[in-house]
Every structure is written in structure tokens, then in C-alpha cells.
Amino acid sequence: MKKFAIGLGLVLLLSFISFRATGQQQNNTPMSFTGEIMDDQCAAEGTHNSMMQKEGYKTAKDCTLGCAKGKVQLVLYGSGDKKIYQLDDQEKPAEFAGQKVTIIGTYDGATKTIHVQTIQAVP
């Protein structure tokens, strides 16, 4: 029984190490991310509603750009997974503020940052 438990533990450990190594290799492979370009404050709430009411913004674009004038970062708010992804480039995303987009880039899991290669609006 001990040998079985040790063997099972060893298999699980090797599987975990192999999985981690594969995941690290994939970080260098361009991936596709879809969501909305938002400021990090609104993304934390998952909506622009409260900030739009508070500041009187009429559109998601106005809200995002208005908030981004401060010390706020532009992020990608994942539409499917509701995750917030940091963006290494703050200039390209500004053109798509408040819009649903697909970003192609590499992902750094340690910093939760997408290294943006391309951005395209989603109709």
C-alpha cells in the first residue's frame, strides 16, 4: 500500500511539473483574448454604471477615457471569464476605449499582463 501511495504521489508530482512547464512555454505563444477595454476601476466593478452616474458620462467610451486621464490604467475585462487583464501598452487600447475587442498577444501569468500585439474591434 505504501509503494502504491508513493508511486501515485510521484506520478502526480511529475504530471504537475510537466503541466507547469507546458504552461510556461505557452506564455510565449500568441493567444487571443476577448473582452472590453475598460479603466481598472470600472473593471473591478464589472460595469461602468456607477461611474457613469457619478461623473455624468453618457457612453462607456467617455467613461473609460475620462477615468483614464487620472492614474487609472486601461485593462481588458474578459467577457467570458470576468477576469481583469493588465495591458502592457496603454496607447493602442485607448483607441478602443469602451469597446468590445479581441487582443492577440502573449500572456504573462505572473503579472497577469497581456503583451499586446494587435487589437481589433468585435462587431
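Readers should treat all values here as calculations from the given coordinates under stated rules, not as data from a laboratory. Owing to the predicted nature of the structure, the values given are computational and were not obtained by experimental measurement. Positions of Cβ are generated from backbone atoms using ideal geometry, with glycine treated the same way; all protein chains shown enter the neighbour counts.
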First select every other residue whose beta carbon is under 15 angstrom from the beta carbon of Asp62; then total the charges, Lys and Arg +1, Asp and Glu -1.
0
Which pairs in the list Lys69/Lys112; Lys58/Lys100; Lys54/Lys92 are over 21 Å apart, alpha-carbon to alpha-carbon?
Lys69/Lys112; Lys54/Lys92
How big is region 30-121 by Rg and Dmax over its Cα atoms, in Å?
12.2, 38
Qualifying trypsin sites (Lys or Arg not before Pro) in region 82-123, DSSP loop, other Cβ atoms within 10 Å at most 14
Lys82, Lys83, Lys112
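Just add up the charged neighbours of Ala121: K/R +1, D/E -1, any other residue whose Cβ is under 13 Å from the Cβ of Ala121.
Numbers: positive: Lys61, Lys92, Lys100; negative: Glu36, Glu95.
Once positives and negatives cancel, what remains is +1.
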Could you state the principal axis extents of the C-alpha atoms in region 79-123, from the largest down, to the nearest angstrom?
30, 23, 14
Along region 47-53, what does the Karplus equation 6.51 cos²θ - 1.76 cosθ + 1.60 (θ = phi - 60°) give for ³J(HN,Hα), rounded to whole Hz, x for Gly and Pro?
6, 8, 3, 5, 5, 5, 5
Loop-located GluC sites (Glu not before Pro) in region 46-123, at most 16 other Cβ atoms within 10 Å (DSSP)
Glu95
For region 75-88, 3J(HN,Hα) per residue [Karplus equation, 6.51 cos²θ - 1.76 cosθ + 1.60, θ = phi - 60°, Hz, x = Gly/Pro]
9, 9, 9, x, 5, x, 9, 6, 8, 9, 10, 5, 10, 6
Under 5 Å, built H, 5+ apart or other chain: amide partners of Asp89:
Val116
For every other residue with a beta carbon closer than 15 angstrom to the beta carbon of Asp81, add +1 if it is Lys or Arg and -1 if Asp or Glu, then tell me the sum.
+3
Under the Karplus relation with 6.51, -1.76 and 1.60 and θ = phi - 60°, whole-Hz ³J(HN,Hα) for region 115-122, x at Gly and Pro, equal 8, 5, 9, 9, 10, 9, 5, 9
Which length gain, in nm to one decimal place, applies between Gln99 and Thr118 when the Cα-Cα distance is subtracted from 0.36 nm times their residue separation?
5.4 nm
